[in-house]
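Have a look at the structure below, then the notes.
Read-outs: derived from the displayed coordinates by stated rules, not from any lab. As the structure is a computational prediction, the values presented were derived from the model and not from experiment. No Cβ is skipped: glycine too gets one built from the backbone with ideal geometry, and neighbour counts run over all protein chains shown.
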Amino acid sequence: MRKNIVAGNWKMNKNLQEGVAFAKDLEAALAGKALKCDVIIGTPFIHLASVASSTKLGVAAQNCADKASGAYTGEVSADMVASTGAKYVILGHSERRTYYGETDAILKEKVLLALANGLSPIFCIGETKDEREKNVHFDVVKKQTVDALFELSAEDFSKIVIAYEPVWAIGTGLTATSAQAQEMHAYIRQTIADKYGKEVADNTSILYGGSANGGNAKELFACPDIDGGLIGGASLDVEKFIPVIEGF
Ligand code: PEP
């Protein structure tokens with residue numbers, strides 16, 4: 001059965017001391033609660049080893065290189081990420097696609113390297129406002145999924161977590177309605193079923209991301225095809241993140 005997951009994405013926020021303190025505070029605040037989801041925090045690279053060794057929380061990198069190793073100054077490989085104890089890597093976030101030119105072809109390489117190093121990719125897909133207004137949002141999301149992921153074996157695909165993040169909802173305060181999100185999540189699950197079969201599709205966790213917070217998480221997570229959230233702004237404060245986790 002698929003997992004419920006709430007994953008934070010700190011983006012480029014918190015220095016090392018702030019990040020480690022946050023992780024410890026979050027773990028302490030969650031202790032003793034009967035959680036109905038896995039909790040992951042997506043930290044900058046430099047925090048990974050410290051957070052992974054000082055808490056039992058799931059830890060994700062926010063990126064990894066599309067090359068295994070070598071003369072790529074400033075890059076961090078999937079092997080390096082895995083060596084910190086992190087188990088996940090966020091790939092294909094719209095900020096990486098937009099600001100750093102990450103194409104589906106580049107992302108395909110990153111996914112392969114992540115999997116080869118034992119990491120589960122949290123793979124982000126989603127349409128822009130313009131694409132939704134032109135009514136091509138289903139096509140866009142399908143193409144992103146097919147081009148980066150659909151050459152994987154069923155076994156490898158089953159290690160992927162999908163995050164549907166409409167670009168127009170990220171950091172804007174504009175959340176997709178639960179009906180809009182459910183409609184797209186059901187479409188993504190059907191797209192996976194068409195390629196890999198119903199069992200793989202039913203076992204794939206599909207998270208929603210885009211201005212999700214303590215006020216809307218419960219309604220979003222109640223939808224049958226929404227298995228949790230990828231949370232940006234509301235993951236930066238323990239007091240704001242806990243109500244999202246408790247949306248389950
Ligand atoms: C994100 O960056 O993945 C995200 C969903 O951000 P926010 O929650 O701030 O919209």
message = I want to make sure I understand the PRE zone here: with the label point 7 angstrom from the Cα of ALA116 toward its beta carbon, which residues in the stretch 46-76 have backbone N atoms less than 13 Å away?
response = 65-70
Residue-by-residue Karplus 3J(HN,Hα) for the stretch 191-197, coefficients 6.51, -1.76, 1.60, Hz, glycine and proline x = 4, 5, 4, 4, 8, 10, x
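Under the rule of -39500 (n - 2.57) per DSSP H run of 4 or more residues, summed and divided by the residues of the chain, what mean residue ellipticity at 222 nm is obtained, to the nearest 500 deg cm²/dmol?
Values: 12 runs with 106 residues, N = 248.
Calculated at 222 nm, the ellipticity per residue is -12000 deg cm²/dmol.
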ask   = When the Kirkwood hydrodynamic radius is evaluated over all pairs of different C-alpha atoms of the stretch 122-224, what value in angstrom, to one decimal, is obtained?
value = 13.9
ask   = Amide H of LEU91: which non-local residues (sequence gap of 5 or more, or other chain) have their own amide H closer than 5 Å, using H built in the peptide plane?
value = ILE122, PHE123, CYS124
message = Less than 22 Å apart at the alpha-carbon level, and either on another chain or at least 8 residues along: which lysines does that give for LYS129?
response = LYS11, LYS142, LYS143
key: Sequence-distant residues sharing a close amide H with GLY42 (under 5 Å, placed H)   = GLY8, ASN9, TRP10, ALA60
Under Karplus coefficients 6.51, -1.76 and 1.60, residue-wise ³J(HN,Hα) of the stretch 121-129 in Hz, glycine/proline x = x, 9, 9, 8, 9, x, 9, 7, 4
task = Name the most mobile residue of ILE106, ILE231, ILE188, meaning the one with the largest mean-square fluctuation, in a Gaussian network model of the chain with Cα contacts below 10 Å.
result = ILE106
ask   = Given H placed 1.01 Å from N in the peptide plane, which residues other than close sequence neighbours of GLU102 have an amide H under 5 Å from its amide H?
value = ARG97
query = So, in Å, what gap is there between the alpha-carbon centers of the stretch 173-248 and the stretch 41-56?
reply = 24
inquiry  = Test of understanding: extend the Cα→C-beta vector of ASN13 to 7 Å, then name every residue of the stretch 28-58 with backbone N under 18 Å from that spot.
reply    = 40-48
note = A correct Kirkwood calculation over the Cα atoms of the stretch 1-143 returns a hydrodynamic radius in Å of 16.3
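Normalised by the empirical 2.2 N^0.38 Å for globular proteins, what value does the Cα Rg of the stretch 176-247 take? The partial results should precede the final answer.
Numbers: Rg = 13.0 Å, N = 72, 2.2 N^0.38 = 11.2 Å.
That ratio works out to 1.16.
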key: Sequence ranges 20-33, 116-129, ranked by mean other-Cβ count within 10 angstrom, highest first   = 116-129, 20-33
query = What does a probe at LYS129 reach in the stretch 168-189, counting residues whose amide N is under 17 Å from the point 7 Å along Cα→Cβ?
reply = 168-177
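Cα gyration tensor of the stretch 36-101, axes a ≥ b ≥ c as square roots of the eigenvalues: rounded (a/c below 1.5), prolate (a/b > b/c) or oblate?
Values: a/c = 2.43, a/b = 1.38, b/c = 1.76.
It is oblate, given that a/c is not under 1.5 and a/b is not larger than b/c.
For the chain, what is the convex hull (Cα atoms) projected area averaged across all directions, in square nanometres?
Working: hull surface 49.3 nm².
Over every viewing direction, the Cα hull of the chain projects on average to 12.3 nm².
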inquiry  = Checking the cross-link filter: which aspartates and glutamates have an alpha carbon closer than 17 Å to that of LYS33, excluding same-chain neighbours under 8 positions apart?
reply    = ASP25, GLU239, GLU246
